[in-house]
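Below is one structure, written out as structure tokens; the observations come after it.
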Amino acid sequence: MKLVDMLKIEHPIIQAPMAGVTTPEFVAASSDFGVLGSIGAGYLSAEETQKFIQEVKKRTERTFAVNLFVPEDEQLDQELFREAYEALQPIGEKLGMPFWKVLLSTSQFEQQIDVIIQEKVQVCSFTFGLPKSNDVKRLKEAEIKLIGTATSVEEAVVVEQAGLDAVVVQGSEAGGHRGSFIGMPLVPLNELLQDVASAVSIPIIAAGGISDAARMNQMLEYGAEAVQIGTALLATQESGAHPLYKRAVLHAEADYTVLTDTFSGKLARGIQNQFIKMMENKPIAPYPVQNDLTKKIRSDAAKQGKPEFMSMWAGEHVHKTEEGTVEEILQKFID
Ligand SMILES: Cc1cc2nc3c(=O)[nH]c(=O)nc-3n(C[C@H](O)[C@H](O)[C@H](O)COP(=O)(O)O)c2cc1C
């Protein structure tokens, strides 16, 4: 079956799930346009995930996806935790908080899957790894279509072998976190897509730096059945990105993004700023602990209007991002 038919969409486009950025209005506007809207539920509790799904359902009758972060087993190293906290203190001081409380997050992945089944969501996508075979089984029994994320041929093959229905191949140009789960490969999309296309037979979705119709069509020629678009939609009216984040995106130039693990402990692409520069070569706790350590810094920076200490994830083609509604931006990919 063709991917657009499997996902019940008109156009071969997936609105990238973007945890912290997607709002019910954003997802519903994408689905209403005829692409696959996706809820970035990675940082949500099961209860928040359910509420979000219900808010989207109030706004659209169309298909949408929920995206989950596959949890990792990370042992907390107390010594590294202390060092990473201390390394962040100069930034805390700049925000008027030399000390702050750190709440360690816990994943509610299994309960989120329960919610997805209960709410009869039609598509579920994953990043940072693969769900366990039992979860794949129960989602499939509920007739939910499953999409994995891969950043190498090896990962794409594993996604296919796990029985998922489609795979997002994420090139090194992509904004946000790397979806990698076997090492940390950094392969540009052209090369990755063509290599994955000859290695798997499930439908492929190309992601990373797709900012116009010409690039999208090229990806479809190279073997993708759809594209996943994140950064191009970041500054839309419906996007939940902070106004200063949207401004930084709209003012960015071609070489403004870098790959960094300083905010979360996991490599991600975002707009270079003072936080990243100050944390260069400093001790960083592994994901998700570093993310918990920097949470208060990031939220206080947003409250105080200081983008120099916020994480502003964006892809290499950020300079091409324009203002508009979700509908106006998506229309440019179709014309
Ligand atoms: C702000 C932001 C947040 C993101 N959050 C997620 C996420 O929660 N889950 C996910 O699978 N991918 C996430 N991504 C990655 C996208 O799925 C996709 O790979 C990427 O946006 C494609 O590259 P582009 O941004 O150049 O379009 C995020 C990307 C951005 C820019």
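Derivation of every value follows stated rules applied to the coordinates shown; laboratory data play no part. Not measured: the values here are computed from a predicted model. Methodologically, a virtual Cβ is constructed for each residue, glycine included, from the backbone with ideal geometry; neighbour enumeration extends over all protein chains shown.
Using only the Cα atoms of region 33-143, construct the convex hull and provide its projected area averaged over every direction, in square nanometres to one decimal.
9.7
Calculated FRET efficiency, Lys303 and Phe99, Cβ-Cβ r, R0 22 Å, to nearest 0.05?
That gives a FRET efficiency of 0.80.
For region 196-335, just say rounded, prolate or oblate: build the C-alpha gyration tensor, square-root its eigenvalues into a ≥ b ≥ c, call rounded for a/c under 1.5, and beyond that prolate if a/b exceeds b/c, oblate if not.
Oblate, because a/c is 1.5 or more while a/b does not exceed b/c.
At a Förster distance of 35 Å, what's the computed FRET efficiency of Ser198 paired with Ile334, Cβ-Cβ distance as r, to 0.05?
0.75
I want the local charge near Pro283. Using Cβ-Cβ distances under 12 Å, sum +1 for each Lys or Arg and -1 for each Asp or Glu among the other residues.
-4
Tally Lys and Arg at +1 and Asp and Glu at -1 over the other residues with C-beta under 11 Å from the C-beta of Gln272: what net charge comes out?
Summing Lys/Arg as +1 and Asp/Glu as -1 gives -2.
Among all stretches of the chain without exposed trypsin sites (Lys or Arg not before Pro) (DSSP loop, at most 16 other Cβ atoms within 10 Å), which one is longest?
Looking at the chain, 133-335 is the longest stretch - no exposed trypsin sites (Lys or Arg not before Pro) with at most 16 other Cβ atoms within 10 Å.
Take the chain, mark every one of the GluC sites (Glu not before Pro) that falls in a DSSP loop and has at most 16 other Cβ within 10 Å, then report the longest stretch left between them, sites excluded.
With a cap of 16 other Cβ atoms within 10 Å, the longest stretch comes to 144-252.
Contact order normalised by length for the chain, with contacts defined as Cα pairs under 8 Å and 6 or more residues apart; what percent is it?
Worked out over the chain, it gives 19 percent.
Once every DSSP H run of n ≥ 4 in the chain is given -39500 (n - 2.57) and the sum is divided by its residues, what mean residue ellipticity at 222 nm do you get, rounded to the nearest 500 deg cm²/dmol?
So the calculated ellipticity at 222 nm is -11500 deg cm²/dmol.
Take every Cα pair under 8 Å in region 83-219 that's 6+ residues apart, average their separations, divide by the length, and report that relative contact order as a whole percent.
Dividing the mean separation by the residue count of region 83-219 yields 19 percent.
Taking a temperature of 10 °C and a viscosity of 1.306 mPa s, what whole-number D in µm²/s does Stokes-Einstein yield for the chain with Rh from Kirkwood over alpha carbon pairs?
79
Under a straight-distance cross-link criterion of Cα-Cα below 14 Å, which aspartates and glutamates are reachable from Lys306, leaving out those fewer than 8 residues away in the same chain?
Glu93
For Lys58, go through the lysines and keep the ones whose alpha-carbon is under 21 Å away, minus same-chain ones fewer than eight residues off.
Counting by Cα, and skipping residues close in sequence, Lys58 has these lysines nearby: Lys8, Lys120.
Past 31 Å, Cα to Cα, is the threshold; run Lys2/Lys246; Lys51/Lys303; Lys132/Lys246 against it and keep the listed order.
Checking Cα-Cα distances, Lys2/Lys246; Lys132/Lys246 exceed 31 Å.
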